[in-house]
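A short write-up of the structure that comes next.
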Amino acid sequence: MKLTNRAELVSLREKCRAAAASEKKRILVCTDNGCLASGAMDVYEAFRKELAASGLSWSVELTRDDHDIGLKRSGCHGLCELSVLVRIEPDGCQYFKVKPEDCREIVGTSVKKNGCVERLSHNVNGVPAHRQDEIPFYKKQNRVVLEHCGRIDANSILEYLSVGGYSAFERALFDMTPDEIVRDVNESNLRGRGGGGFKTGRKWEQVKRQASAKKYVVCNGDEGDPGAFMDSSIMGSDPHRMLEGMMIAGLACGSDEAYIYVRAEYPLAVTRLKKAIADAEEHGLLGDSILGSGFSYRIRINRGAGAFVCGEGSALTASIEGKRGMPRTKPPRTVEHGLFDKPTVLNNVETFASVPVIIERGADFYRSIGPENSPGTKTYSLTGNVLNTGLIEVPMGMTLRDVIFDVGGGMRGGTEFKAVQIGGPSGGCLTKDHLDLPMDFDSLKKVGAMVGSGGLVIMDSYTCMVEVARFFMNFTQNESCGKCIPCREGTKRMLAILERIVDGRGEDGDIDLLLEIGDLITHTSLCGLGKSAAGPVVSTIKYFRDEYEAHIKEKRCPAGSCKKLTRISIDPAKCKGCSKCSKVCPVGAVSGKIKEPFAIDVSKCVKCEACVGACPFGAVVKG
């Protein structure tokens, strides 16, 4: 159905709302990447079979036909640690680790009888938490950008319309001037969520005032940080929201053409974006003279080939143009000479997805969340040694302590928190001393870290910080485009030093040499990748210099992580002389008498750690 005017859009939206409201129950099966990998489609098909056999009136599509049950393939519910996730609305029952064989019980208990299956519910201190709002992981979140993720069918434009979709674009198209749109975005103080934190409204304003007749809008979906999957989840869970933000940007800046640059490694996001664009075109929301307004707009998808450096603006636009993705010197900046040498608005996925709520609810609403200079919310991917891993959205300015111990549920296995890497390979390391630091652009910048794209890798006391620095430097060195010498050669040199250190061949002066090279790279590299490449190394030296010195001077890894520097010993105070350690040692390095403390001959030990796992008293330790 192609909509030709505003009235038809309003009418269709109301019909979609009515159709959604008529569904007495909605079964929402998460079909984002994590749940798909855990068998979400098998669960979805099992629900289809159970509903078909139940005699209930049901449908997988949002239609005007009367039916009691709606079965939906939703986007991410957030708590990816416990895939597959299923929610029953309007009751709010949230189920975890659902398998196909559980579907019959869910239909019988939750769909037919309005009850909850306790064994599939989240357990909070021994008490089942049936509803999502009862689960600590969700309580302190403020889901604005992720508002619809997990609550509507990610593949359906009608579902998006049923929750008010394209209302912001409608308002911007018919009730606002470009100046008013830019003013609202400016007044909201929305800052770019891609990492730099540049004010979005100012960027739009700069493009708007350019004299060029042709302008572009580009969405950066090239999310390359290890452990980051926020943009992927937004594109795959609520693609129309991001498209709506891009369409509003086109109205504001005078653009009629946009590109989405998305990683080819995100096939689900690409598939759902393609469908979302096709559906928007079919309904007359993209194309020529949208809704009879005279405004024309088209959105194209460009898939990247996995180069991390293409997350940088000028490298990204070069890649879209068919050139090798390499940064260029600035100025001129993208707002003046961007894609195809034309003025270009370049924002990331989360930034565009934040725009509709600003236009719909107002700048004051958006500024009411978070601190004045960094308002709104921020999505993070929570990974590492934390109990609850997954996708979260919290107010800007929430402390690291609240994120890790309240939302994240604390450290996995009761281990001790040591550090968090924030902002990926371009970011920095935060420690116990920063647990009460507000997580916003300005506060993090003061301690040498950055919000970055939003990846949080939580580390415990068993994590070697020198190895962490080596890991991120290895990633950055591999991803360097090689255009400028400081980044190309400097990262290679830093990586070689770090590899020597974790291999037990560190030398006096290595720490100072790493800092010297890091400073050179930071101040002389061409683009943001090189300028921030030394961040993980510099921050780990700053806060964990003693670990570097132990590796170099004592040839010891305090965390027991670096194999060649690991020392395995037996604590005589804990050893009961049971001999289990000696029985599993493949080289006869463990000896002793029964009921007396055993010992390890380090000259024979091959560090296989079999004795560590065999000891029932925790007497065999690494260090």
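The values are calculated or read from the model by the stated rules, or taken from the named source; none is laboratory data. As the structure is a computational prediction, the values presented were derived from the model and not from experiment. Reconstructed Cβ throughout: ideal geometry from the backbone, glycine too, with neighbour counts over all protein chains shown. Surface areas here come from the heavy atoms of the whole protein model, side chains and all, with no ligands, DNA or RNA. Shrake-Rupley method; radii C 1.70, N 1.55, O 1.52, S 1.80 Å.
Between the Cα long axis of helix 267-282 and the first principal axis of the chain there is an angle of about 10°, rounded to the nearest 10.
Please report the spacing between the Cα centers of the stretch 110-175 and the stretch 432-506 in Å, no decimals. Centre-to-centre distance over Cα atoms comes out at 36 Å.
Counting Lys and Arg as +1 and Asp and Glu as -1, each charge on the Cβ, what is the dipole of the stretch 232-304 about the Cα centre in debye, to the nearest 20? Please report the intermediate quantities before stating the final value.
Working: 8 positive and 9 negative charges, 62 e Å.
Value, rounded to 20: 300 debye.
Here the chain has 49 percent of its accessible surface on carbon and sulfur atoms, given a 1.4 Å probe and all protein chains in place. For the stretch 201-357, the gyration tensor built on C-alpha atoms gives an oblate shape. Its axis ratio a/c (a ≥ b ≥ c) is at least 1.5, and a/b is not larger than b/c.
Its alpha carbons give the stretch 380-453 an Rg and a Dmax of 11.4, 33 Å. Working note: Debye formula, equal point scatterers on the alpha-carbon atoms of the stretch 471-623, no solvent; log10 I(q)/I(0) at q = 0.14 Å⁻¹ is -0.73.
Each distinct pair of alpha carbons in the stretch 485-570 adds a 1/r term; the inverse of their mean, the Kirkwood radius, is 13.4 Å. Calculated from the alpha-carbon coordinates, the stretch 225-312 shows an Rg and a Dmax of 13.8, 45 Å respectively.
In this Cβ point-charge picture (+1 for Lys and Arg, -1 for Asp and Glu), the chain has a dipole of about 1300 debye about its Cα centre.
Of the GluC sites (Glu not before Pro) found in the stretch 335-432, those in coil by DSSP whose Cβ has at most 15 other Cβ atoms within 10 Å are E372, E416.
Look at the Cα gyration tensor of the chain: its axes a ≥ b ≥ c give a/c of at least 1.5 with a/b at or below b/c, and that counts as oblate. Compared with the dominant Cα axis of the chain, that is its longest principal axis, helix 239-253 is turned about 70°.
Helical runs assigned H by DSSP (4 residues or longer) give the chain a calculated mean residue ellipticity at 222 nm of -11000 deg cm²/dmol, each run adding -39500 (n - 2.57) before division by the residue total. Applying the criteria of a DSSP loop state and at most 15 other Cβ atoms within 10 Å to the trypsin sites (Lys or Arg not before Pro) of the stretch 137-237 yields K140, R209, K214.
A dipole drawn for the chain from +1 and -1 charges on Cβ atoms has a positive end, and of V43, L391, G509 the residue lying farthest that way is G509.
Compactness of the stretch 383-528, taken as the C-alpha radius of gyration over 2.2 N^0.38 Å, stands at 1.12.
Rounded to the nearest 0.05, what FRET efficiency do A52 and E118 have when you use their Cβ-Cβ distance and R0 = 22 Å?
Numbers: r = 26 Å, r/R0 = 1.20.
Efficiency for this residue pair is about 0.25.
Using only alpha carbons, the stretch 166-274 has a radius of gyration to Kirkwood radius ratio (Rg to Rh) of 0.98.
Averaged over its residues, the chain has an accessible area of 40 Å² per residue, based on protein heavy atoms and a 1.4 Å probe.
Sorted largest first by accessible area at a 1.4 angstrom probe radius, with every protein chain in place, the residues M1, M41, M326, M396 fall in the order M1, M41, M326, M396.
Evaluated at q = 0.24 Å⁻¹, the base-10 log of the normalised Debye intensity for the stretch 61-161, with identical point scatterers placed on the Cα atoms, takes the values -1.48.
Restricting the GluC sites (Glu not before Pro) of the stretch 494-550 to loop positions (DSSP other than H, G, I, E, B) with no more than 16 neighbouring Cβ atoms within 10 Å leaves E507. Working note: Cα atoms of the stretch 335-466, range along each principal axis, descending, whole Å: 51, 34, 26.
The magnitude of the dipole of the stretch 229-375, with charges of +1 and -1 set on the Cβ of Lys/Arg and Asp/Glu and taken from the Cα centre, is near 500 debye. Evaluated over the Cα positions of the stretch 455-508, the convex hull gives a direction-averaged projected area, one quarter of its surface, of 4.9 nm². Per residue, the average separation of C-alpha pairs within less than 8 Å and at least 6 apart gives the chain a relative contact order of 11 percent.
Placing one equal scatterer on every Cα of the stretch 16-66 and applying the Debye formula, the log10 ratio I(q)/I(0) at q = 0.23, 0.24, 0.25, 0.31 Å⁻¹ is -0.93, -0.96, -0.99, -1.14.
Against the chain, whose longest principal axis is taken from its Cα atoms, helix 485-502 shows a tilt of about 40°. Label separation (E507 vs K583): 4.9 nm, computed from points 7 Å beyond Cα along the C-beta direction.
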